[in-house]
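Working notes, beginning with the structure itself.
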Amino acid sequence: MQTHNIHTDALNIINKDIKKYSPHPSLVNIIAVTKTFNYTAIISAQKHKLPCIGENQVQEFLLKYQKNPTIKQGIETHLIGHLQSNKVKKAVGLFDVLQTVDSIKVAQKINNTAEEKGVPQSIFIQVNVGQDPNKHGFTLKTLYKNIETIQNLQHVHLIGLMTILPFYKQAQQTQPLFNAMKKIQTKVLKEISPTCKFLSMGMSRDYIYALKEGATHLRIGTKLYGTRK
């Protein structure tokens, strides 16, 4: 079986960048993106004492967990791929955090499932800040109203916002949108949800610009593990 290990030199560079560019380095969490890799990628993240791993598909992670239940020990598991309504029942309780809540329908289903299972579910709300028709997430037009609705659900715990930006040829072009996300999160924290403390944004090619604008969770795969085949 092929093993997937974190490149220590790359991790050291990322940690130095966090200290250099983040306004609050101690609050930044690296999410090791382990999607499409087998469970050895998660074990490597555990060994390097990373705080979180990120998976894109519910079924893929469920199979990894069934083969090796220890992959949830001592590390926070995040769903960072699109959450379809018909996968909610499997996702609730399997992941510590569901980052991609992008509709009231999905939020309500998570709430109902969390009540049935007796497990409160932590979530991030996905924001389509780049207004990209190819990306999921709440639009800015209805965002605050929808966050108020979700905040009032009893069995979900809103702890942050996340975004996936459009692709830009130049990584620095992402910074204005990361800045906009930080402003949105600050407004939500102050006016709607005092628990919405986290901001998931930035990936391997643009995480420095996300750090500069206050990201607390960086979703990094390629830089840590190498290019996916």
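The values are calculated or read from the model by the stated rules, or taken from the named source; none is laboratory data. Quick caveat, the model's predicted, so the values are computed rather than measured. All accessible areas refer to the heavy atoms of the entire protein, side chains included, with ligands and DNA or RNA removed. Shrake-Rupley method; radii C 1.70, N 1.55, O 1.52, S 1.80 Å.
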With every protein chain left in place, what is the accessible area per residue of the chain in square angstrom, probe 1.4 Å?
-> 49 Å²
Percent relative contact order for the chain, counting Cα pairs under 8 Å at least six residues apart, stands at 20 percent
Sum -39500 (n - 2.57) across every DSSP H segment of at least 4 residues in the chain, then divide by the residue count to get the 222 nm mean residue ellipticity, nearest 500.
-> -11000 deg cm²/dmol
Expressed as a percent, the accessible surface of region 1-58 that is carbon or sulfur, using a 1.4 Å probe and the full set of protein chains, is 51 percent
Hey, what's the per residue convex hull volume over the C-alpha atoms of region 12-166, in cubic angstrom?
-> 132 Å³
Using just the C-alpha positions of region 81-226 as equal point scatterers, what log10 of I(q)/I(0) does the Debye formula give at each q in 0.10, 0.12, 0.18 1/Å?
-> -0.33, -0.47, -1.03
On the accessible surface of region 143-229, probed at 1.4 Å with all protein chains in place, carbon and sulfur together account for a percent value of 52 percent
